[in-house]
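First up is the structure itself, then whatever we jot down about it.
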Amino acid sequence: MDRCILLLLLLYLINPSFSVFFHISDIHFDPIENPTVYNSTTRCRNPLYYNEHYNPHDTELYPPTEYYYEVGGKYGRYGCDAPCSLVASTILSMSELVADPDFIIMSGDSASHALSFTDQNYSIVELSNYFQKFFPTTSVYFTIGNNDAWPDYTIQCDDPQYGLFLDAWARWIPSNQNSTFLKMGAYSVNQTSSLHIISINTILYSTHHPNASYPVKDPCGQFQWLSDQLSSALEGNQKVYITGHILPGLDSAFFQPLWLQQYGATFINLLIQYEPIIAGLFFGHLH
């Protein structure tokens with residue numbers, strides 16, 4: 001589910017047993033939006049740009065035009081994605097609230113809707129640069145969202161797009177995870193000796209994925225890899241946080257499954273098997 005608003009602005013979590021951290025998701029950073037110029041008829045951008053990059057999946061999720069404000073303010077307006085001003089203000093406020101958190105989880109959809117391939121990649125890179133600017137010593141663990149893929153939801157095993165994401169996020173992804181990330185878009189990190197963070201690519205399991213009509217048992221081998229990571233954490237007496245973008249449940253707007261049933265069942269079985277060590281699940285997408 002996609003809506004052009006900032007999700008979960010600042011979910012500030014404190015767990016004395018582990019860490020102090022932020023969870024933020026679905027920023028949908030639009031580097032070309034000008035909310036003070038374009039009115040409701042242009043959907044926040046020059047209409048020529050929008051027409052060139054038309055995507056029916058995006059337009060069906062816009063609110064009715066009667067809910068649009070004629071002119072947006074400095075930080076954008078309802079019905080638009082997040083402009084530079086809103087993104088910078090939000091991340092700055094995070095840094096003022098907690099200057100040096102132990103880590104940040106960003107659970108997908110860095111990019112705005114209906115961007116060109118070049119602008120979409122720029123959006124992802126620039127968002128990572130904002131986090132680096134305001135949190136220079138903090139690890140930020142990004143997850144791939146459906147709008148980060150281009151076109152929307154379109155990403156496969158060994159997809160060249162993984163290399164673009166890795167270029168943007170390499171400062172925070174351990175180099176020993178590069179081959180896994182380039183294969184399936186997933187990685188894991190030993191945040192501390194007692195906490196292991198696993199980022200999985202949930203786009204592979206989506207009912208909107210291009211392969212949804214002919215699913216395979218374990219796309220890209222990610223379930224087996226996840227099982228191996230959980231087994232290793234169990235042996236190492238570590239707790240685990242799992243972060244992904246699309247959660248394995250129902251779409252709260254259309255009441256439709258978000259994952260294919262067989263993938264949801266496999267994931268839930270893993271959660272049951274490793275329940276003693278799984279301390280948190282962090283997703284986004286619904287907003």
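The values are calculated or read from the model by the stated rules, or taken from the named source; none is laboratory data. Worth saying up front: this structure is predicted, and the values here are computed from it rather than measured. With ideal geometry, Cβ positions are generated from the backbone for all residues, glycine too; neighbour counts draw on all protein chains shown. For the accessible areas, the whole protein counts, side chains as well, though only heavy atoms, and no ligand, DNA or RNA atoms are used. Shrake-Rupley method; radii C 1.70, N 1.55, O 1.52, S 1.80 Å.
Please report, in whole Å, how far the alpha carbons of segment 151-261 spread along each principal axis, starting with the longest.
Taking max minus min along each principal axis of the Cα atoms, segment 151-261 gives 41, 28, 26 Å.
Testing the spin-label approximation: label points 7 Å from Cα along Cα→Cβ at N190 and I268. State their distance in nm.
3.4
If the chain between N176 and S231 were fully stretched, how many nm would it gain, using 0.36 nm times the residue separation less the Cα-Cα distance? Each step should come with its number before you reach the end.
Working: separation 55, 0.36 × 55 = 19.80 nm, distance 1.81 nm.
That works out to 18.0 nm of additional length.
When the Kirkwood radius is taken over all Cα pairs of segment 239-281, what Stokes-Einstein diffusion coefficient follows at 20 °C and 1.002 mPa s, in µm²/s?
Numbers: Rh = 11.3 Å.
For these conditions, the coefficient is 189 µm²/s.
For segment 84-198, take every pair of Cα atoms, bin their distances at 10 Å starting from 0, and report each bin as a whole percent.
With a bin width of 10 Å, the distribution comes to 13, 45, 33, 9, 0.
Note down the accessible area of W225, probe 1.4 Å, to the nearest 10 Å².
Surface accessible to solvent at W225 totals approximately 30 Å².
Students often forget the sequence filter, so: which lysines lie under 28 Å Cα-Cα from K239 once same-chain residues fewer than 8 apart are removed?
Partners within reach: K183, K217.
In nm, to one decimal, how far is the A212 label point from the S252 one, both placed 7 Å along Cα→Cβ?
So the label points at A212 and S252 sit 2.0 nm apart.
Which order, highest average first, do 194-202, 99-107, 207-215, 260-268 follow once you tally other Cβ atoms within 10 Å for each residue and take the mean per peptide?
Highest-to-lowest ranking by the protection proxy: 194-202, 99-107, 260-268, 207-215.
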